[in-house]
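Structure first, then comments.
The values are calculated or read from the model by the stated rules, or taken from the named source; none is laboratory data. Quantities reported herein were computed from a predicted structural model and do not represent experimental measurements. Positions of Cβ are generated from backbone atoms using ideal geometry, with glycine treated the same way; all protein chains shown enter the neighbour counts. The area values use the complete protein model at the heavy-atom level, side chains included, leaving out ligands, DNA and RNA. Shrake-Rupley method; radii C 1.70, N 1.55, O 1.52, S 1.80 Å.
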Amino acid sequence: MSLEQPPPGPRASDNDRERAAAVVQEAHTDGRLDFQELDERLTLIYTAKTQLELRNATADLVPVSHGSSQELTLRARHSAQKREGAWTVPEKLTAVAEHSSVKLDFTDAVVHWTEITVDAHAVHSSVVMIIPEGWSVDIDQVDMVHSAAKNKAVPPRSGGVRLRVTGEARHGSIVVRHPRKRHWWWPWYRK
């Protein structure tokens, strides 16, 4: 008999805690949790040290679909479209850019899905996706003509969200990357 305990799992970050808290608060808003349960779960979430503890606090809170919130289409023609901050990510996104740019920043977003599909179409344009560390990325299904599709993300962790990118790029670029690191000499920080 061994006295060794299994490893505790990946540590939870502040962003992980905020995403879990948003799930619990949405369940309270929908009437699936009362005030006492909300308080108990938020206490568990903000004291959680591992991602497993966060998953246990939100495991029975399956997201409720609100109309067509499982899909989102962004279109940009000679302009720019952005989704950043604390936005709710649908299961499937379509980004169509013609002579423009589309930026999808997932770092502070509320994600309820284990897999997200982005169907990107860039014609003389760029589609940039900014993801937190730990996500896995699949960009092998992108059709390119005089274009570039780049995955600049670090290797994924188990249990992270899977981002699957499909679509096409014609004289454009599709890029998946992490937020840029801030340096002391760089006063204006931009993701």
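So the values come out like this:
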read-out: Residue within segment 175-187 that is buried (at least 20 other Cβ atoms within 10 Å of the Cβ), among the aliphatic types (A, V, I, L, M) and part of a loop (DSSP other than H, G, I, E, B) present; value: no
read-out: Those strands (runs of 3 or more DSSP E) lying entirely in segment 95-148 with at least 2 residues closer than 24 Å to GLN25 by Cα and in contact with a strand residue (DSSP E or B) (Cβ under 9 Å, 6 or more places away or on another chain); value: 101-105, 115-123
read-out: Among residues of segment 149-160, those that are part of a loop (DSSP other than H, G, I, E, B) and either touching a Cys at 6+ places or on another chain (Cβ under 6 Å) or of a type in the set (D, E, K, R) (or both), counted; value: 2
read-out: Pick from segment 26-62, criterion more than 19 Å from the chain's Cα centre (by Cα) and among the acidic types (Asp, Glu), ranking: modelled with the lowest pLDDT; value: ASP30
read-out: Unmet requirement for TRP113, which otherwise passes all of (1) open to solvent by less than 40 Å² (accessible area, probe 1.4 Å); (2) within 18 Å of ALA22 (Cα to Cα); value: (1)
